[in-house]
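Student: One structure, pasted below without further comment.
What follows is calculated from the coordinates using simple rules that are stated; it is not laboratory data. These numbers were taken from a predicted model, which means no experiment stands behind them. When we count neighbours, we look across all protein chains shown, and the Cβ atoms used for this are built from the backbone with ideal geometry, even at glycine.
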Amino acid sequence: MTIADIRRLIDEAPLYRPGGAGDDAEPQARRELPRRAPIDWRALDGRTPPPREWIVPHWIPAGCMTLLAGRGGIGKTLLAQHIATALALGLEYIEPLTPRRVLLWAGEDDEAELWRRQHHISSWMMQPLSALAGRLILYSYAGADITLAAPVYGTLRPTPLLEELREQVHDHRAELVILDNVARIFGGSENDRHAVTTFLAWLAAACAPAAVLLLAHPAKTGGSEYSGSTAWEGAVRARLYLSDRPPDQDDDEDAPVDDRVRYLARRKSNYSALDLRRLTFHDGVLIPAPVEPGRTGRPMGEAAQDVVRRAVRALAERGIYGSHGQRSSHYLPRLVRQYGLLDGLTEREFAAAMRAMILAGELVTREVGKYVNRTPRMGLALP
């Protein structure tokens, strides 16, 4: 669909009157809708449906629109650039990925900043920048007007830049289009459901058959994780949220915050269960934490278990030993939190790593001393 086709559809559409007209209003002309045939179940009988396709398995569906929200400065663009790089190279990031061509419009960062960021990401992935040629198509639109649609005399209209986007998607054969951010590309009211729905339909048509990842800021008031009408959520197939707190602490302003840690939550997915990933800043990159199989979002493996080992040793040097019993006054995860030894983990994540080590025999309950009455004092210790 070209920009001329979109404009013709707008011009031929009946006038939209928000709020409705009175009983005496003349009926509006109705457009002839294209005739659609229903699904032919007989033709499909005995056949196997095609598997669902993903850009990022369980997170970003292929051929659909996904919204990634988070407050300014939280790291959305950095995360998007990580995902784009891993896809372009076919490397694992959050999930195992297959190679895809990615088109990324950066609306806030200049070329120098994007270059610096890409240098860190590619170095961490141990890949030369040249490996991205023809695979990651990255444009900086810092300081430029990249509005794709805006109201003209009260009616939302596409801008010529929407056609430019369509041509870029076609020319580069992009399979994922990342747009940073909604506030830069949409000139209408984010609270106007009709305008939002119309704009997203135009955007989907311009980018088809590629999937689209939209970056957005949360609402300034009201506690919503994205700004504007609920039409934004209704039109996308997945909604992700990046925060510096885990979901169960989002509303707790007194909860401790580690500036090195981010949490990526899957808030809405029409095709997959909700999920959570933990990411840590290190040398200019966002590193996903290892995940315990079957218990997504909880860092495991050597990274988290090393935190447990260091904490147990540090407490032992002070003559303090914890217990694995949650009701105990010496419950190890609580002691570790009180002494500031969580090292970026949450108490729940520390507890998960502790339990895994106990099951593996890498953390044992043994005699660590005696009480005044000479009875054995038991506690968790390294074997």
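Student: As I understand it, the dipole of segment 54-288 uses +1 on the Cβ of Lys and Arg and -1 on the Cβ of Asp and Glu, about the Cα centre. Which of Leu136, Tyr263, Phe186 lies farthest toward its positive end?
Tutor: Projecting each Cα onto the dipole axis, the largest value belongs to Leu136.
Student: List the relative contact order of segment 54-288 as a percent without decimals, with contacts defined as Cα pairs under 8 Å and 6+ residues apart.
Tutor: Relative contact order for segment 54-288 comes out at 27 percent.
Student: Continuing with this model, one more query. Under 5 Å between amide hydrogens, which residues at least 5 positions from Val368 or on another chain qualify, with H placed 1.01 Å from N in the peptide plane?
Tutor: For Val368, the qualifying residues are Arg377, Met378, Gly379.
Student: Along segment 153-166, what does the Karplus equation 6.51 cos²θ - 1.76 cosθ + 1.60 (θ = phi - 60°) give for ³J(HN,Hα), rounded to whole Hz, x for Gly and Pro?
Tutor: Per residue, the Karplus-derived 3J(HN,Hα) values read 6, x, 10, 5, 10, x, 9, x, 5, 5, 5, 4, 4, 4 Hz.
Student: Now for a separate question. For the peptides 132-139, 92-99, 370-377, what is the packing order when you average, over each peptide's residues, the other Cβ atoms within 10 Å and list the highest mean first? Don't skip to the end; give the middle numbers.
Tutor: On the way: 132-139: 17.1, 92-99: 15.1, 370-377: 8.0.
For the peptides 132-139, 92-99, 370-377, the packing ranking is 132-139, 92-99, 370-377.
Student: Could you give me the ³J(HN,Hα) list for segment 136-150, computed from phi with Karplus coefficients 6.51, -1.76, 1.60 and θ = phi - 60°, whole Hz, x at Gly and Pro?
Tutor: 10, 9, 10, 10, 9, 10, 4, x, 9, 7, 10, 5, 9, 7, 8
Student: Still on this structure: Residues with amide H under 5 Å of Ala69's amide H, sequence separation 5 or more or different chain, H placed in the peptide plane at 1.01 Å from N; which?
Tutor: Distant-sequence amide H within range of Ala69: Ala216, Leu240, Tyr241, Leu242.
Student: Mind checking the dipole of segment 336-383: about its Cα centre, +1 per Lys or Arg Cβ, -1 per Asp or Glu Cβ, Debye to the nearest 20? Can you show the working numbers first?
Tutor: Working: 7 positive and 5 negative charges, 65 e Å.
For this selection, approximately 320 debye.
Student: Something else now. Packing-wise, with mean Cβ within 10 Å as the measure, how do 82-90, 334-342, 70-78 rank, highest first?
Tutor: Descending mean neighbour count gives 82-90, 70-78, 334-342.
Student: Right, here's the next one. Only four residue types carry charge here, +1 at the Cβ of Lys and Arg and -1 at the Cβ of Asp and Glu. Report the dipole size of segment 54-288 about the Cα centre in Debye, rounded to the nearest 20.
Tutor: 620 debye
Student: Residue-wise, which Karplus ³J(HN,Hα) couplings in Hz belong to segment 319-325, taking 6.51 cos²θ - 1.76 cosθ + 1.60, θ = phi - 60°, and x for glycine or proline?
Tutor: Calculated HN-Hα couplings, in order: x, 10, 10, x, 10, 8, x Hz.
Student: Using only the alpha carbons of segment 54-288, determine the length spanned along each of the three principal axes and report them from longest to shortest in whole angstroms.
Tutor: So the three principal-axis extents are 49, 45, 35 Å.
Student: Let me ask something else about it. Quick one: net charge around Asp109, please, counting Lys, Arg +1 and Asp, Glu -1 for every other residue with C-beta under 10 Å from its C-beta.
Tutor: Working: positive: Arg116, Arg117; negative: Glu108, Asp110, Glu111, Glu113, Asp180.
Result for the neighbourhood of Asp109: -3.
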